[in-house]
Amino acid sequence: MTEKREFKAIKGTRDILPPDSALWNWFEQTARDVFETYGFRDIRTPVFEETELFARSIGVETDVVNKEMFTFSTGHDPDSTGESAPDRTYSLRPEATASVARAYIENEMQTLPGNAKLYYMGPMFRRERPQKGRYRQFYQIGAEVLGQSDAPAIDAEVLEMLVVFFKRVGLTRTTLYVNSIGCKDCRPQYVELLREKLREVKDQLGPDSQRRIETNPLRVLDSKLPQEQPIIAKLPRISDHLCAECREHFAKLNEELGLRGIVYEENWRLVRGLDYYTRTTFEVTAEGLGSQNAVCGGGRYDGLVELLGGPPTKGIGFAIGSDRAILSMQEGGKLPHLPGLAVFVAWMGQAAYPTAVNITRKLRTAGLAVELPAEEMKFKKSLGLADKLGASYALIIGEDEVASNTFTLKRLADSEQKKLSELELLEYLESERRGSR
RNA sequence: GUGAGCGUAGCUCAGCUGGUAGAGCAUCGGUCUGUGGCACCGAGGGUCGCGGGUUCAAUCCCCGUCGCUCACCCCA
């Protein structure tokens with residue numbers, strides 16, 4: 001207890017411990033289950049890539065690339081021989097879409113049949129100041145569809161999958177916002193129009209928004225400042241300035257979403273921070289999160305693969321912030337009941353020990369979570385520990401049981417107990433296990 | 001990068017107008033060698049984040065520093 005705490009988790013990182021880790025596993029497993037029913041399959045990419053990959057796909061001017069990446073130099077690459085070897089820098093991934101696009105190109109996935117439907121989950125890294133729901137190492141679950149088609153039905157299916165997932169994990173009280181931010185043809189025109197209008201009202205805006213007029217006018221639209229809201233409400237809306245193709249695409253998407261019964265809100269002020277987004281963009285917000293309330297963001301990125309040197313390819317995807325989603329679930333109350341320790345083996349006396357060891361192994365073979373005390377304990381202590389560990393049952397093995405070749409199984413919730421033969425015990429617990437799932 | 005708030009036991013927190021520290025919970029042991037949750041008794045655990053200043057004396061006042069939290073920016 002007098003240890004000096006010499007080491008601690010570095011700023012913005014944290015340990016996810018039991019019992020939370022069980023919730024995390026369940027959350028991620030549910031994503032796998034749902035996504036695979038939609039024909040998605042797992043892709044695992046490295047957690048670091050060449051800095052340039054992120055710079056080019058996310059955009060050099062974005063904050064994510066500009067000031068939030070953990071970047072390190074390769075130093076002396078043991079593989080390179082000459083002094084003229086390029087000194088490359090690597091960065092921990094701030095998101096994974098760029099990596100998936102890179103992998104798509106590198107592995108020539110355009111030659112695979114159908115669209116590439118990929119999902120991933122894992123840690124991402126951004127060097128921001130931590131706050132509620134924001135970490136420097138945070139976790140995302142994402143999915144991407146890459147291929148030749150940009151059919152609105154793909155967008156709708158991706159959104160349907162998202163909604164189904166959130167429902168499955170019990171994350172209610174969420175809102176899905178959908179928008180279209182146009183394509184490389186119509187968006188620049190709108191951005192210029194917006195910039196002009198913003199210049200006219202510049203003196204009514206705060207310093208942040210004034211700066212954004214030149215750097216990124218779209219960002220003014222999602223300003224949180226109350227005094228700017230009336231001004232923003234009068235700004236031109238992108239939905240009125242989409243090109244014919246984008247307008248058609250967005251209309252079809254609305255139709256497709258209706259067909260699937262997906263409840264959403266059109267939000268003309270929803271813009272995304274990453275450069276690669278085109279047309280469809282969306283976001284899901286949840287309750288109980290402080291000011292970082294987006295649990296999922298995504299959209300279409302039709303030019304990205306080509307931008308990275310790949311073949312002309314359409315793409316759409318999203319990323320769920322697991323930290324935030326799970327936080328929201330925990331704040332919201334109803335969490336799943338996850339199975340914990342099934343059986344605590346309360347053995348007493350050295351004569352009972354071999355029996356305890358053997359039955360423990362058999363129960364574990366049957367798939368049950370079993371705790372076997374390594375040292376003999378007082379019987380009361382034993383049951384007390386079983387209780388504290390949250391075991392469903394205590395399996396009592398003492399002189400009596402050994403003598404009669406039976407086991408005493410006690411259900412801790414209601415103190416119900418009975419004597420069983422080994423066969424009866426195994427059958428009973430196995431049926432219990434199946435029933436509890 | 002900017003701003004605000006907070007740092008006392010493993011956790012949650014008391015600690016008056018300055019006089020060198022307490023509670024609850026948790027942990028461990030006992031009452032209790034075949035029946036847990038309860039109760040009672042006891043134990044361990046603190047350089048009061050760190051450094052400096054003021055003072056006879058600092059957990060308390062002042063300065064600095066580090067850390068945490070929340071918010072801004074931005075984003076999942």
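The values are calculated or read from the model by the stated rules, or taken from the named source; none is laboratory data. Small disclaimer: the values here were computed from a predicted structure and weren't measured. Don't worry about glycine lacking a Cβ; one is built from the backbone with ideal geometry, like all the others, and counts go over all protein chains shown. To get the accessible areas, we keep the full protein, side chains included, count just its heavy atoms, and leave off ligands, DNA and RNA. Shrake-Rupley method; radii C 1.70, N 1.55, O 1.52, S 1.80 Å.
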(message) Given the DSSP H assignment, sum -39500 (n - 2.57) over each helix run of at least 4 residues in chain A and divide by its residue total; what's the result at 222 nm in deg cm²/dmol, nearest 500?
(response) -11000 deg cm²/dmol
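Can you give the FRET efficiency for residue A:239 and residue A:131, using 1/(1 + (r/R0)^6), R0 = 45 Å, r = Cβ-Cβ distance, to the nearest 0.05?
For residue A:239 and residue A:131, the calculated efficiency is 0.90.
Can you tell me the FRET efficiency between residue A:37 and residue A:403 if r is taken as the Cβ-Cβ distance and R0 is 51 Å, rounded to the nearest 0.05? Could the numbers behind the result be given before it?
Values: r = 53 Å, r/R0 = 1.04.
Rounded to the nearest 0.05, the efficiency is 0.45.
Could you work out what % of the accessible surface of chain A is carbon and sulfur, using a 1.4 angstrom probe and leaving DNA, RNA and ligands out of the count? Before the final figure, lay out the partial values.
Details: 11600 of 23460 Å².
That fraction is 49 percent.
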(request) For residue A:140, list long-range residues whose amide hydrogen, built 1.01 Å from N in the peptide plane, is under 5 Å from its own amide hydrogen. (result) A:122, A:124, A:322
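Please compare each pair in A:314/A:334; A:67/A:224; A:380/A:419; A:378/A:418; A:8/A:380; A:11/A:388 to a cut-off of 31 Å on the Cα-Cα distance and tell me which ones are over it.
A:314/A:334; A:8/A:380; A:11/A:388
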(request) Report the full-extension gain for the segment residue A:350 to residue A:389: residue separation times 0.36 nm, less the Cα-Cα distance, to one decimal in nm. (result) 11.7 nm
(request) Evaluate E = 1/(1 + (r/R0)^6) for residue A:189 and residue A:264, where r is the Cβ-Cβ distance and R0 equals 30 Å; express this FRET efficiency to the nearest 0.05. (result) 0.70
(request) Could you let me know the centre-to-centre spacing of the range A:247-320 and the range A:138-187, using Cα atoms, in angstrom? (result) 5 Å
(message) Need one number: nm distance between label points at residue A:287 and residue A:63, each 7 Å from Cα along Cα→Cβ, rounded to one decimal.
(response) 2.7 nm
(request) May I ask you to give the solvent-accessible area per residue for the range A:343-435, in square angstrom, as obtained with a 1.4 angstrom probe? (result) 57 Å²
